[in-house]
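Participant: First the structure, then my questions, so here it is.
A short reminder: the numbers here are calculations on the coordinates, not readings from a lab. Since we're looking at a predicted model, the values are computed, not measured. For neighbour counting, all protein chains shown are included, and Cβ atoms are generated from backbone atoms with ideal geometry for every residue, glycine included.
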Amino acid sequence: MRVLGIETSCDETAAAVVTADRRIVAARVHSQLEAHAPYAGVVPEIAARAHLERTDRVVAATMEEAGLAFADLDGIAATAGPGLIGGLLVGLMTGKAIAAVHDRPLVAANHLEGHALTARLTDGVDFPYLLLLASGGHCQLLDVQDVGRCRRLGGTIDDAVGEAFDKVARMLGLGYPGGPAVEAAARDGDAARFPLPRPMKGRPGCDFSFSGLKTAVRHTVEGLPPGAPDDRDVADLCAAFQEAVGDVLADRCARALAETGAPRLVVAGGVAANRALKARLERVADGAGVPLHAPPVPLCTDNGAMIAWAGVERLRRGLTDGLDAAARPRWPLTELTG
Ligand code: KG4
Ligand code: ZN
């Protein structure tokens, strides 16, 4: 089984062809980073236009790299939500057009399910597992039982963790996206120099909160002498922030593992690219006696293979969508059907 996946929900135009035996035959990503960088965030209008200009070409290049014609595909999966409506419409329409013209089944894929199932593509992980989904727009812990079947254990009550990284980076004059910049700056930092809070740590339940931590970073910056922050201050603050985030994620994951008795821990979403956080979660998994699975970085951030794979998982269970499937800007994983 060979499935084409199309991802256009945020600021990457991506496509990939993936097989049911877990091979990524071809994959292309066109990042809009440069277009959004001057605004230090994703501008929906710019994103929509860029997807419109690029999606056809990215799909064509992917098919060429795969050496396949559309008629050779067993299905087409396109992200239908959640995400920015302009990009979703472009990607979903492209997928529908290919499906209609070549009479192939369509999967209107959920972006979060794509992230959630990626470890099954990369590591062949079995259900069930505890999933920490940590990205720019999402931060939640899910008990994943099967395709289309997961229970939400908790989530952020304010900012998503990637969003907190992006905001801290902005405060410190680092580039966008903030996550990789903060991780790089933190590498030579002293995490002990600035004390920062660990919101929600030790509390019952599995919820997160990052807005107080972000505010504490702001107050620390404001309390520095004139001329600051210099490179040392930035490095130390990034290290302190990243360590605080790591402590919170570790605490919440440890609690969720104990509560569910899940036999493995999977991390997904852009924040899973962070090596320090991954090492921290490795220790949590070790402590609970379960393996940790984190997809390789290019498959943690938004990509086409995760959508193609969600398509494989659904198609082999006979789950397809009609050509009337709607784009859904808001579409929580718990509203999925399997
Ligand atoms: O999953 P993703 O590519 O897009 C969605 O939000 O769906 O995640 C992007 C987020 C951004 O907030 C970015 O700053 C964060 O993931 N991120 C990181 C790292 N790389 C990306 N956060 C921390 N450390 C990183 N190395
Ligand atoms: Zn994403």
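Participant: Defining a contact as two alpha carbons under 8 Å apart and six or more residues distant in sequence, what relative contact order in percent does region 1-63 show?
Facilitator: Averaging sequence separation for qualifying contacts and normalising by length gives 34 percent for region 1-63.
Participant: Counting pairs of Cα atoms in region 128-297, how many percent are more than 26 Å apart?
Facilitator: Percent of Cα pairs beyond 26 Å in region 128-297: 25.
Participant: Of L237, P177, C150, which is farthest on the positive side of the dipole of the chain, counting Cα position, with +1 on Lys and Arg Cβ, -1 on Asp and Glu Cβ, and the Cα centre as origin?
Facilitator: The listed residue farthest towards the positive side: C150.
Participant: How many lysine pairs in the chain, separated by 8 or more positions in sequence or lying on different chains, have Cα atoms less than 29 Å apart?
Facilitator: Summing the qualifying lysine pairs gives 6.
Participant: Now for a separate question. Positive end of the dipole of region 128-297, charges at C-beta (+1 Lys, Arg; -1 Asp, Glu), about the Cα centre: which of S211, G136, V284 has its Cα farthest in that direction?
Facilitator: V284
Participant: Let me ask you something else. To the nearest 10 degrees, how steep is helix 161-171 against the longest Cα principal axis of the chain, on a 0 to 90 scale?
Facilitator: Value to nearest ten degrees: 60.
Participant: Still on this structure, please answer the following. Show me, for region 204-210, the HN-Hα J-couplings you get by feeding each phi into the Karplus relation (A = 6.51, B = -1.76, C = 1.60, θ = phi - 60°), rounded to Hz, glycine and proline as x.
Facilitator: x, x, 10, 7, 10, 8, 10
Participant: Suppose we keep just the DSSP beta bridges with both residues in the chain; what percent of those would be antiparallel, to 5?
Facilitator: 60 percent
Participant: Give me the angle, in degrees from 0 to 90, between the Cα long axis of helix 305-315 and the longest principal axis of the Cα atoms of the chain, rounded to the nearest 10.
Facilitator: 50 degrees
Participant: Return the calculated 222 nm mean residue ellipticity for the chain, to the nearest 500 deg cm²/dmol, obtained by summing -39500 (n - 2.57) across DSSP H runs with n ≥ 4 and dividing by the residue count.
Facilitator: -14000 deg cm²/dmol, from helical runs alone.
Participant: When the Karplus curve 6.51 cos²θ - 1.76 cosθ + 1.60 is applied with θ = phi - 60°, which whole-Hz ³J(HN,Hα) does each residue of region 90-99 get, with x for Gly and Pro?
Facilitator: With coefficients 6.51, -1.76 and 1.60, one gets 4, x, 5, 4, 4, x, 4, 5, 5, 4 Hz.
Participant: Rounded to the nearest Å, what's the spacing between the alpha carbon centres of region 23-82 and region 131-162? Just the number, please.
Facilitator: Using only Cα atoms, the two centres lie 24 Å from each other.
Participant: Translational diffusion coefficient of the chain at 10 °C, 1.306 mPa s, Stokes-Einstein with Kirkwood Rh over Cα pairs, in µm²/s as a whole number.
Facilitator: 78 µm²/s
Participant: At 0.36 nm per residue, and after removing the present C-alpha to C-alpha distance, how many nm does the segment from I46 to V101 gain when stretched out fully?
Facilitator: 16.9 nm
Participant: From the phi angles alone, apply the Karplus equation (6.51, -1.76, 1.60; θ = phi - 60°) to region 7-19 and give each ³J(HN,Hα) in whole Hz, x where the residue is Gly or Pro.
Facilitator: Going residue by residue, I get 10, 9, 7, 9, 10, 10, 9, 9, 8, 7, 10, 10, 9 Hz, with x marking Gly and Pro.
Participant: In degrees from 0 to 90, rounded to the nearest 10, what is the angle of the helix 231-260 Cα long axis to the longest principal axis of the chain?
Facilitator: That helix lies at roughly 60 degrees to the long axis.
Participant: Further question: In debye, nearest 20: dipole of the chain around its Cα centre with unit charges on the Cβ of K, R (+) and D, E (-)?
Facilitator: Its charge dipole is roughly 600 debye.
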